[in-house]
Amino acid sequence: MESDPIDPSHGVITRREFGRVLGVAAVGGALPALAPLSAPAVPFAPSAPSIQGADIVFMPATELAARLRRKEISAREVLTAHIAQIEKVNPELNAIVTSAFDRAMADASRADEAMARGTPLGPLHGLPIAHKDLVETEEIRTTRGSPFYRDFIPTRDAPIVRRMRAAGAITLGKTNTPEFGAGSHTFNTIFGPTRNPYDTGKSCGGSSGGAAVALAAGMIPIADGSDTGGSLRNPAAFCNVVGFRPSPGRVHTGASTWSPLSVSGPMGRTVADAALLLSVQASGNDLSSPLAITEDGARFAAPLDRDFRGVRVAWWRGLGGIPFERDVVNVVNGTRSVFEQLGCIVEEAEPPFDGVDDAFATLRHLGYHTSYAGMAKQRPEWIKDTIHWEIREAERQTAADVARASARQARAYAESQQFFNRYEYFVLPVTQVMPFDVTIAYPTNVAGTPMSTYIDWMRSCWYVTFMANPAISVPAGFSPAGLPVGLQIVGRHRADWSVLQLAHAFEQATGHRKRRPA
């Protein structure tokens, strides 16, 4: 039976307390200790000299997986290196908020034993992973960044977690997220803020911010995340990693819905790493969602190389006049020549976005009201102001408002298909702003233009969400201050493979991913 939401008498753990107790136990002592799992002695030993820890933790996941299969390194060595890196950098960055290191080491021992026996191995064999703290993990605390769930211990894994673990991934903990994933800045009252590894005074984005930071800082080689208004793409852009928003229905998380707004997907330090993880996350023949895409996900693990000569690319031209900070514009527009050098035909064009501001917000409000209105009435002080605002807006809306929003959503899909009949890709910035001060809740001004709500500064992401097409954030370069900027590539309807291919080509041509945090 799943544990109940938290007792209000419990206190909130501080970042300092978190750093002190991280080690091999769950955070803060509020979580019952995870007993070490028994594991037999494993005769497996690497067939090559041990690889140094610093090389292990920043090695691409695809290469690490290959070395594990070639027996050049053991799963225990890989896990040990990542735990050491977490203990070194996480107290300052606050990306991993609950750990399960003893359990992970037992799983790594079993993985090495399977290798020694010659047991068939999954594509993620021996790769450590930490899951976003919104997704349920069996016997590992899942707080959703909320006081309501600070002590919540699920009794089973979410479907996406089951698929990754069945493929050989080793769960070592959970990554930080805003309260209920609301907003693109990662902080909550349970764990505090997660900090950008390129400047710890800056935001890492969100809501998959803990995942992005853990990747950028070498704490894990692959990560899962989710995305409604940009939560896979925004933190990837802020942290110089890759975040892929798959087509709605590509990855089933357990919730059955007709809405295409929210999806789950992969993050990695390279496009190929994200594609490898997607090959496992993709639902395949799982029909439990009405939007399910039943294509075999294994194709995403194939080589991503492609000839782009003559391919038509639409280059953004302002998204209807929404504001962007100058550093974002300069870095993104400076990459246009890369696509031309790849052989693409690049033209300025974009689909219409009129009416999307109101329509997206209307549909988003409904989701928050359905999920959290009851909680807000039960304990209003445990719900942050921006979620209260979402609930109030939902209650203010009329049926006619919702009908108009649904009609605009349908028109957006039709307009997108017409646009992509001419172009194979649409390229634009991921974010409208550079990473901002970690102590503020959200930007209230972009390039001199006031922002009315906490989601207004994320429109360059959620305009794309509304199109229902696959989109990726890939490192585009750095500002003069040394902060990362992300490039967003959008593809045709359900053309996830194609998006990954162009992102890979851009990544290979630029190499921005190689610049690590200091």
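The values are calculated or read from the model by the stated rules, or taken from the named source; none is laboratory data. Quantities reported herein were computed from a predicted structural model and do not represent experimental measurements. Neighbour counts are summed over all protein chains in view; Cβ atoms, including those assigned to glycine, are modelled from backbone coordinates with ideal geometry.
Scanning segment 489-513 for residues that are free of Cβ contacts under 8 Å to residues at least 12 places away in the same chain and in a helix (DSSP H, G or I) turns up just one, GLN508. Does ILE73 satisfy the criteria of being at pLDDT below 95, more than 20 Å from ARG141 (Cα to Cα) and crowded, with 17+ Cβ neighbours inside 10 Å? When the stated conditions are applied, ILE73 does not pass them. What do you reckon, is MET451 of a type in the set (A, V, I, L, M, F, W, C), farther than 25 Å from PRO517 by Cβ and free of Cβ contacts under 8 Å to residues at least 24 places away in the same chain? Criteria met by MET451.
Restricting ALA223, ALA236, ALA214 to residues that are in contact with a helix residue (DSSP H, G or I) (Cβ under 7 Å, 6 or more places away or on another chain), outside any loop (DSSP other than H, G, I, E, B) and assigned by TED's automatic domain parsing to the domain that holds ARG144 narrows the list to ALA223. For the condition under 24 Å from the mean Cα position of the chain (by Cα), touching a residue at least 12 places away in the same chain (Cβ under 8 Å), surrounded by fewer than 24 Cβ atoms within 10 Å (Cβ to Cβ) and within 22 Å of ALA216 (Cα to Cα), what is the one hit in THR62, THR98? When all the criteria are applied, what remains is THR62.
Applying the set (1) in a strand (DSSP E or B); (2) in contact with a His (Cβ under 8 Å, 6 or more places away or on another chain); (3) surrounded by 24 or more Cβ atoms within 10 Å (Cβ to Cβ) to GLY205 leaves exactly one unmet item: (1).
How about segment 461-482: which of its residues are out of contact with any Asp or Glu (no Cβ under 6 Å at 6 or more places or on another chain) and in a loop (DSSP other than H, G, I, E, B)? Across segment 461-482, the qualifying residues are ALA468, ASN469, PRO480, ALA481, GLY482. In this structure, ALA400 does satisfy being surrounded by fewer than 18 Cβ atoms within 10 Å (Cβ to Cβ), part of a helix (DSSP H, G or I) and modelled with pLDDT of 95 or more.
Looking only at residues in segment 426-478 that are polar (S, T, N, Q) and crowded, with 17+ Cβ neighbours inside 10 Å, the one that is nearest to the chain's Cα centre (by Cα) is SER473.
Per-residue answers, yes or no, for (1) in contact with an Asp or Glu (Cβ under 7 Å, 6 or more places away or on another chain); (2) assigned to a helix (DSSP H, G or I):
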| position | (1), (2) |
| --- | --- |
| ASN90 | no, yes |
| VAL97 | yes, no |
| ALA108 | no, yes |
| GLY122 | no, no |
| PRO193 | no, no |
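The combined condition, being under 30 Å from THR189 (Cα atoms), small (Gly, Ala, Ser) and part of a strand (DSSP E or B), is fulfilled by GLY486.
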